[in-house]
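Chemist: First the structure, then my questions, so here it is.
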Amino acid sequence: MAVKAFSSEWAELFKDEVNKSSVYKAAGKGWKWTVGLVVEAEPDKHFPESRGVVMDLFDGEARDITVGPAADAQKCDFVITAPYSRWKQVATKELDATKGMLQGKLKLKGDLPTIVRYTKASQEMTECTTRVPVEWPDEQ
Amino acid sequence: MHDSGSGRMARRAIKATSKEPRLVEYASKEPSAFAEMLGGLIEANVLANAEKKKDFDTLVARVGIWVTDIEEGVTLVFDAGQLTVYNGLEPQRTITIRAEAETVMSLSNLKIGVFGMPVYYDEVGRSVALKLVRGKLKIDGMLPNIATLNRVTRIFSVQ
């Protein structure tokens, strides 16, 4: 059953997908930092308030993924920021996250060598988001 | 004697100002996201690793990187301890690397083995070598500049 985009239910399903992934388990070995996704508001797309996804990832496992205020996500070790519609493009495989970062469509804050070292893990993380069935507010 | 001591102090004070040249500069006032990412990556690598710093301090080369699937590129002008990053491809390049975004990221994940040579026999190395053989990774100027390419790879690698 589809869940509302970037809701607590979505976070729960996303976490399950990450923890089901053997690819992520292997590629994320040694990772020990928090990751925040800032989803910027786009009121014209029926996404009126910015939200933050806080991911507590450790050694190939998602210990917790929660959705809350954008400010919470901004406190993480790594922060990726983009408007709602860009994240939708990532989650529907219209935009590759690596390309998006190189093009500046997704803005990354954090230690670059570390995130580059875990490119495969971040690609699989993106794959996991695409497996969560989502109700997009701008499609209702 | 007294004066020379004062001189040393004065020079120290000047060195500490923000006018000291940075390791990485951007030619454009508005560097592209790709330029900032590569510049930031190289700067972080060089500052964190003495071996990479040694390579950086001796490297003189103009390296172009063109990402084929986003149609964006940069030119990295290494000048013995100073790097200037240009948006797009500039003329007179020593080496030009052309590949998809994923392959460019793989290049920065190449492990460095004995004698400072990139490792091409592990999973990442094999995939890079295979792309080179299949023409999905093109390196213009590779053969006459192997030593330069290896040095750039070492500076670029996060491993």
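Chemist: Of all residues in the stretch A:35-50, which are in contact with an Asp or Glu (Cβ under 9 Å, 6 or more places away or on another chain) and under 14 Å from A:Ala11 (Cβ atoms)? Walk me through it before giving the result.
Modeler: Going residue by residue through the stretch A:35-50, those that are in contact with an Asp or Glu (Cβ under 9 Å, 6 or more places away or on another chain) are A:35-36, A:41-48, A:50.
Within the stretch A:35-50, A:Val35, A:Gly36 qualify.
Chemist: Considering only residues that are buried (at least 19 other Cβ atoms within 10 Å of the Cβ) and in contact with a helix residue (DSSP H, G or I) (Cβ under 7 Å, 6 or more places away or on another chain), which ones fall in the stretch A:71-85?
Modeler: To start, the set of residues in the stretch A:71-85 that are buried (at least 19 other Cβ atoms within 10 Å of the Cβ) comprises A:73, A:76, A:78-82, A:84.
A:Phe78, A:Val79, A:Tyr84, listed by residue number.
Chemist: Report whether or not B:Val158 is modelled with pLDDT of 90 or more, in contact with a Phe, Trp or Tyr (Cβ under 8 Å, 6 or more places away or on another chain) and under 25 Å from A:Tyr118 (Cα atoms). First the steps, then the outcome.
Modeler: Values: modelled with pLDDT of 90 or more: yes; in contact with a Phe, Trp or Tyr (Cβ under 8 Å, 6 or more places away or on another chain): no; under 25 Å from A:Tyr118 (Cα atoms): yes.
No: the conditions fail for B:Val158.
Chemist: Looking only at residues in the stretch A:109-123 that are surrounded by 20 or more Cβ atoms within 10 Å (Cβ to Cβ) and closer than 20 Å to A:Val39 by Cα, which one is nearest to the chain's Cα centre (by Cα)?
Modeler: Ranking the candidates gives A:Ser122 first.
Chemist: Go through the stretch B:88-105 and give me each residue that's touching a Gly at 6+ places or on another chain (Cβ under 9 Å), crowded, with 18+ Cβ neighbours inside 10 Å and not charged (D, E, K, R).
Modeler: Selection gives B:Thr94, B:Ile95, B:Thr96, B:Ile97.
Chemist: Further question: When residues of the stretch A:64-107 are filtered for being over 11 Å from A:Gly36 (Cβ atoms) and among the hydroxyl-bearing types (Ser, Thr, Tyr), how many remain?
Modeler: 4
Chemist: Something else about it: Provide a single number: the residues in the stretch A:79-116 that are without any contact (Cβ under 8 Å) to a residue 12 or more places away in the chain and among the aliphatic types (A, V, I, L, M).
Modeler: 4
Chemist: Restricting attention to the stretch B:36-80, and to residues there that are of a type in the set (Gly, Ala, Ser) and under 11 Å from the mean Cα position of the chain (by Cα), which single residue is farthest from A:Leu108 (Cα to Cα)? Steps first, please.
Modeler: First, pick out the residues of the stretch B:36-80 that are of a type in the set (Gly, Ala, Ser): B:39-40, B:44, B:48, B:50, B:61, B:64, B:73, B:80.
Going one step further and asking which of them are under 11 Å from the mean Cα position of the chain (by Cα), we end up with B:39-40, B:44, B:61, B:64.
Numbers: B:Gly39: 14, B:Gly40: 12, B:Ala44: 15, B:Ala61: 28, B:Gly64: 23 Å.
Taking the candidates together, the pick is B:Ala61.
Chemist: Test B:Leu47 against the stated conditions and say whether it is closer than 18 Å to B:Leu137 by Cβ and within 14 Å of chain A (Cβ to nearest Cβ).
Modeler: Numbers: closer than 18 Å to B:Leu137 by Cβ: no; within 14 Å of chain A (Cβ to nearest Cβ): yes.
The answer is no for B:Leu47.
Chemist: While we're looking at this one, here's another question. Please specify each residue of the stretch B:57-90 satisfying the condition of being in a strand (DSSP E or B), among the polar types (S, T, N, Q) and within 14 Å of chain A (Cβ to nearest Cβ).
Modeler: The one that is in a strand (DSSP E or B), among the polar types (S, T, N, Q) and within 14 Å of chain A (Cβ to nearest Cβ): B:Asn87.
Chemist: If a residue must be free of Cβ contacts under 8 Å to residues at least 40 places away in the same chain and touching a helix residue (DSSP H, G or I) at 6+ places or on another chain (Cβ under 8 Å), how many such residues does the stretch B:59-75 contain?
Modeler: Result for the stretch B:59-75: 5.
Chemist: With the condition kept exactly as written, say whether any residue in the stretch B:106-117 is over 25 Å from A:Lys99 (Cβ atoms), outside any helix (DSSP H, G or I), modelled with pLDDT under 95 and within 14 Å of chain A (Cβ to nearest Cβ). Walk me through how you get there before you give the answer.
Modeler: Narrowing the stretch B:106-117 to residues over 25 Å from A:Lys99 (Cβ atoms): B:112-117.
Checking the rest, the ones that are also outside any helix (DSSP H, G or I) come to B:112-113, B:117.
From the residues that got through so far, the ones that are modelled with pLDDT under 95 too are B:112-113, B:117.
When the remaining residues are screened for being within 14 Å of chain A (Cβ to nearest Cβ), the result is B:112.
Taking every residue of the stretch B:106-117 in turn, at least one turns out to be over 25 Å from A:Lys99 (Cβ atoms), outside any helix (DSSP H, G or I), modelled with pLDDT under 95 and within 14 Å of chain A (Cβ to nearest Cβ).
Chemist: Please note which strands (runs of 3 or more DSSP E) are completely contained in the stretch A:45-123 and include at least 2 residues that are within 12 Å of chain B (Cβ to nearest Cβ) and under 24 Å from B:Glu36 (Cβ atoms). I'd like the intermediate steps shown before the answer.
Modeler: Working: elements: A:51-58, A:61-68, A:78-83, A:107-109.
The qualifying strands (runs of 3 or more DSSP E) are A:107-109.
Chemist: Name the residue, out of A:Gly100, A:Gly36, A:Gly68, A:Gly52, that is touching a Gly at 6+ places or on another chain (Cβ under 9 Å) and closer than 22 Å to A:Arg117 by Cα.
Modeler: Numbers: A:Gly100 fails: touching a Gly at 6+ places or on another chain (Cβ under 9 Å); A:Gly68 fails: closer than 22 Å to A:Arg117 by Cα; A:Gly52 fails: closer than 22 Å to A:Arg117 by Cα.
The match here is A:Gly36.
Chemist: Something else now. Which of the residues that make up the stretch B:118-142 are part of a helix (DSSP H, G or I), in contact with a Ser or Thr (Cβ under 6 Å, 6 or more places away or on another chain) and within 20 Å of B:Ile70 (Cα to Cα)?
Modeler: Result: B:Val128, B:Lys131.
The values are calculated or read from the model by the stated rules, or taken from the named source; none is laboratory data. Computed from a prediction, not measured in an experiment: that's the story for all the values here. Backbone-built Cβ (ideal geometry, glycine too); neighbour counts: all protein chains shown.
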